[in-house]
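Novice: The structure under discussion is supplied below as structure tokens; questions concerning it will follow.
The values are calculated or read from the model by the stated rules, or taken from the named source; none is laboratory data. It should be emphasised that the depicted structure is a prediction, and the values quoted were computed from it without experimental measurement. No Cβ is skipped: glycine too gets one built from the backbone with ideal geometry, and neighbour counts run over all protein chains shown.
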Amino acid sequence: MRLLGQCALLGLLLTSTPFLQADSRVSAYALMSPTNQAMQNDMSLNPAMFWIMDGEALWIDRNNPSSKACVDCHSDVKQSMKGVSATFPKRVQGKLLNLEGQINQCRTTRQQSPAFAYESKPLLALSTLIAYQSRGLPIAASKDSAIDADFQKGKTLYFQRMGQLNLSCAQCHDDRAGLKLAGSVIPQAHPTGYPIYRLEWQNVGSLQRRLRNCMSGVRAEQYPYGSVELAQIELYLMRRANGMRIESPAIRP
Amino acid sequence: MSRSSRAVVTLPKTAKRGEVFSIRAIVQHEMESGFRHTEQGVRVPRDIIREFVCTYNGKEVFKADLHPGVGSNPLFIFYAKADQSGTLEFKWTGDNDYLTIVKQAITVL
């Protein structure tokens, strides 16, 4: 009995310590209808599987000036790309690159081909294929201190009011997460599922598309695709969601 | 020369005689409605799948007409009754000579 009491006291002490508190971060997955959740979980229902298949075809495609396919350097995508998307954006040759940026860097240097346009089918196919290999793994955001300044800038942008509506990301996704905007619940904005198949888009889209989407929503001038500002926001969001499970390719309404 | 695209059909490999089994058929298609315009104001011509037919040993078991309001990558979930072993054929036809055919065998025990 006394032992039990001691255990209970120990339990109380443990739960009251701040760093052992339950994680209050929730993926937008929890806000979706059961049918949409099923669509995400079951890859025979998830339309993003077509992008994965396209990506698998591109992975072994040697049709470029250097006659090199992704598979020639990286071998099997299932092995080599496991957990890779969980670490982006990170510093590559002194530059902050997100996953799409890294794919294009390989594309231009190793394959000596023009970079894929953002949101083009081949780029989304490759990024979806690569991100899919990290499904179920925790986000392991880059701890590289050399990009701490980028993280700070991303954080500043996240809290900075912008656009005609004069709203910051944080005002909706931190302060009002869980409340409603129009008919939908405002999510906490964790980048766990990108690239996502968004039913509204009828298409797969990157995190940058989603960020630009919000910026046009508050009637701000959107940062261009591939810009350092969007990569900095990505970095801030990834560190903020560190440890959360990757769902890519997620379904979102 | 007809256009085609990826399609994935999910159904059991075997079924008991008389059993009702579920079939899922999803196809990759943009389903461009014909009502949208580019940023330059040019109308994007319609490009949709018009018809989906499933036949079981040559007998039609499911058919659907598709319209511009149907979203991209249409998914159908429907049921069929296992009569005898054979082949199910799934056929999507649409605008601009679109044609995709997938065949899948089923063994009835």
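Novice: Name every residue in region A:179-212 that is more than 14 Å from chain B (Cβ to nearest Cβ), at pLDDT below 95 and not in a loop (DSSP other than H, G, I, E, B), in order of residue number.
Specialist: Listed by number, the residues that qualify are A:K180, A:L181, A:S184, A:V185.
Residues checked against (1) among the polar types (S, T, N, Q); (2) buried (at least 16 other Cβ atoms within 10 Å of the Cβ); (3) at pLDDT 90 or above:
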{"residue": "A:D23", "(1), (2), (3)": "no, no, no"}
{"residue": "A:V26", "(1), (2), (3)": "no, no, yes"}
{"residue": "A:S33", "(1), (2), (3)": "yes, no, yes"}
{"residue": "A:N36", "(1), (2), (3)": "yes, yes, yes"}
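Novice: Which condition number does A:A149 fail, the rest of (1) part of a helix (DSSP H, G or I); (2) surrounded by fewer than 17 Cβ atoms within 10 Å (Cβ to Cβ); (3) outside the structural domain of A:A231 (by TED's automatic domain parsing) being met?
Specialist: (3)
Novice: If you don't mind, there's one more thing I want to ask. Quick one: which of B:I48, B:I101 is touching a residue at least 12 places away in the same chain (Cβ under 8 Å) and either over 30 Å from A:A125 (Cα atoms) or within 14 Å of another protein chain (Cβ to nearest Cβ) (or both)?
Specialist: Selected residue: B:I48, the only one of B:I48, B:I101 that is touching a residue at least 12 places away in the same chain (Cβ under 8 Å) and either over 30 Å from A:A125 (Cα atoms) or within 14 Å of another protein chain (Cβ to nearest Cβ) (or both).
Novice: Would you check if A:L235 is within 20 Å of the chain's Cα centre (by Cα), surrounded by 18 or more Cβ atoms within 10 Å (Cβ to Cβ) and closer than 22 Å to A:S127 by Cβ?
Specialist: yes
Novice: To continue, here is another question. Any idea which of B:V9, B:V70, B:V53 is in contact (Cβ under 8 Å) with a residue 60 or more places away in the chain, surrounded by 13 or more Cβ atoms within 10 Å (Cβ to Cβ), more than 15 Å from B:N96 (Cβ to Cβ) and not charged (D, E, K, R)?
Specialist: Criteria check complete, one pass: B:V9.
Novice: In region A:120-132, is there at least one residue being farther than 21 Å from A:W51 by Cβ and surrounded by fewer than 22 Cβ atoms within 10 Å (Cβ to Cβ)?
Specialist: No, that holds for no residue.
Novice: Same structure again: Within the bounds of region B:26-40, is there any residue that is touching a Leu at 6+ places or on another chain (Cβ under 7 Å) and at negative phi?
Specialist: At the first step, the residues of region B:26-40 found to be touching a Leu at 6+ places or on another chain (Cβ under 7 Å) are B:26.
When the remaining residues are screened for being at negative phi, the result is B:26.
Within region B:26-40 (the criterion being touching a Leu at 6+ places or on another chain (Cβ under 7 Å) and at negative phi), the answer is yes, since at least one residue qualifies.
Novice: In region B:63-91, which residues are among the small types (G, A, S) and within 14 Å of another protein chain (Cβ to nearest Cβ)?
Specialist: Scanning region B:63-91 gives B:G69, B:G71, B:S72.
Novice: On to the next question. Collect the residues in region A:177-200 that are more than 24 Å from A:N98 (Cα to Cα) and of a type in the set (S, T, Y), keeping them in residue-number order.
Specialist: If the condition is that a residue be more than 24 Å from A:N98 (Cα to Cα) and of a type in the set (S, T, Y), then A:S184 is the only one that fits.
Novice: Further question on the same structure: So if I check each of A:G101, A:G83, which one is in contact (Cβ under 8 Å) with a residue 24 or more places away in the chain, closer than 21 Å to A:M43 by Cβ and not basic (K, R)?
Specialist: A:G83
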